[in-house]
1. Could you list which residues have their amide H under 5 Å from that of Arg253, counting only those 5 or more apart in sequence or on another chain, with H placed in the peptide plane?
2. Please list the three semi-axes, largest first and in whole Å, of the ellipsoid equivalent to region 187-231, using sqrt of 5 times the eigenvalues of its alpha carbon gyration tensor.
3. Under a point-charge model restricted to the Cβ atoms of Lys and Arg (+1) and Asp and Glu (-1), what is the dipole moment magnitude of region 163-257 relative to its Cα centre, in debye to the nearest 20?
4. With label points built 7 Å along Cα→Cβ from the Cα atoms of Asp251 and Asp124, find their separation and express it in nm.
5. Among the complete DSSP H segments of the chain, which ones combine at least 30 Å of alpha-carbon extent along their axis with a mean Kyte-Doolittle hydropathy of -0.5 or more?
6. Could you give the radius of gyration (one decimal) and Dmax (whole number) of the Cα atoms in region 163-257, in Å?
7. Quick one: 3J(HN,Hα) in Hz for region 154-168, Karplus 6.51/-1.76/1.60 with θ = phi - 60°, rounded, Gly and Pro as x.
8. Take every Cα pair under 8 Å in the chain that's 6+ residues apart, average their separations, divide by the length, and report that relative contact order as a whole percent.
Amino acid sequence: MHDLSAMAVFAAIAEAGSLTQAAERLSLSKSAVSKQLSRLEERLGARLVNRNTRQVSLTEVGIVYFDFCARILEEAEAAEAAVANLQDAPRGRLRVNAPMSFGTMHLAEALTGFSKTYPEITVDLELTDSFVDLVDGGIDVAVRITSMQDSTLIARQLAPACRMVVASPDYLAENGTPQHPRDLSRHNCMIYTLAPNPGTWVFRAADGAAMPVPVQGTIRSNNGEVLREAAIAGLGILIDPTFITYRAIRDGRLVPLLCDYELPQSGIHAVYPNRRHLSPKVRAFIDFLGNHFGDPPYWDRHIEAVLDR
C-alpha cells in the first residue's frame, strides 16, 4: 500500500472536475497534481480520467475507484479526528460559512473572543446568503438560519430565530398603527425577496390556523439590514429577525407591532457534514457560539426588557 496522498489528489480532481481547481484546493501546482495523477494511473495500470483542455471526467474505472477512495479518505480523517479528540487540543484551520447580516452583526464579535480563547485555530470565514454545499465547498461548519427540516446535515441549534413586525414611531404617527394582520393591506410593507413567498406574510390565529396576509410596498431587498434602515427612516412596516432589529427596538427607533399574533419561527443552527467523529475545532466553535449568544440570546433579552416596560 502506498500513502494516501495520491488518493487525496485523485479525489480532489474527481470532486472539482478540473486539475486547476483541484490544485487550488490542495494548495499545489497544477503540474504537481498532474504528475500525481499520472503516477497513480501508471501504478494501477488503468486510466482514471478523461482529460481535455479545460476539465476532466471520470472513466468507468475512475468512478469505481473514486467510490473506494472517498470511503478510505473519510475513514482516515475519522481516525485522525479520533486521535485529536483524545488529545483534546483544538487546532488547525476552521472553515466557516455564514449568512451576511448575521455574520457582520454577531459572528464578527464572537470570533474575536473565540480566537483569543483558541489561538491555535485559524478561522477562515466566508459570508454569503447563497446556498453552499458544505462537502463540495470543504466547509467544516456553517451557521444557517432555517427550520432544518429534512436535512442530511448534523445540526445543533444555537439560538431561536425570532421575527417581529416593526415600524418607526414617525411612520405610525403618520399612517396609524395596525391592530390586526389584515390591516397591513393598507400599509406600505417592505419585502424581503429571499423569503419563500415574499408577497405573503403568514401569521397564526389564536386557534393555531395559518393566516396568510398579502402585502405590498415600495421597498424590496434581499438584505434585512437594508430593510431595517428603510423602516427606521419611516418608509413602512417590516418583518425582520430580532437579531437584526434589536438595537433599533431597544433605542425606540422601531416599535414592535401585532405582538398578539404569532409568526412562524425558525432557528439559528450550527450545521456540519455527517461524520462519526466531530473534530475538536468544530466542537469548540459550536460550544463557544452557544455560550456567547446565551439562552435566550442577548438580542432577544434586549427586546424582552423593552416589552416588559
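1. Residues meeting the amide H criterion: none.
2. Computed over region 187-231, the values are 22, 10, 10 Å.
3. The dipole magnitude comes to about 140 debye.
4. 3.7 nm
5. What comes out of the filter, once short or polar helices are dropped, is 60-87.
6. Gyration radius and largest Cα-Cα distance of region 163-257: 12.4, 35 Å.
7. 7, 10, 10, 6, 8, 6, x, 10, 7, 10, 9, 8, 9, 7, 7
8. 21 percent
Here, each number is a calculation from the coordinates, and none is a lab measurement. Keep in mind it's a predicted model, so treat the numbers as computed, not measured. Reconstructed Cβ throughout: ideal geometry from the backbone, glycine too, with neighbour counts over all protein chains shown.
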